[in-house]
């Protein structure tokens, strides 16, 4: 069974914490070595299979630790930046606002045009007719 552990710590403590978990894996390697050294001849095949599985697990865990340490090292080198914003959402919202503004302008233009037309029609109706 596997578990994921997540916790926060000071950046200065990361290397020390990683050293502790890596050393724990070295204990597992020594345990495998001890098993192989003390295995009786008639148990060798079974114990060899178990030992290899244990070493694969240790190697996999060490690979994870190496990857984590690389990530920590990169994070230390990168300048502190604010968390990224969701640019797509911002763009969509901005685009919506632009479209809404354009639609409102069209409505306003239509309103002004209808007023101008009404005014022109009134002017035509008010002109004295020659007769």
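The values are calculated or read from the model by the stated rules, or taken from the named source; none is laboratory data. Because the structure is predicted, anything quoted here is derived from the model rather than measured. With ideal geometry, Cβ positions are generated from the backbone for all residues, glycine too; neighbour counts draw on all protein chains shown.
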Task: Residue identified as surrounded by 10 or more Cβ atoms within 10 Å (Cβ to Cβ), at pLDDT 95 or above and part of a helix (DSSP H, G or I) among 29, 17 - done: 29
TODO: For the range 80-94, state whether one or more residues are in a helix (DSSP H, G or I) and modelled with pLDDT of 75 or more.
DONE: yes
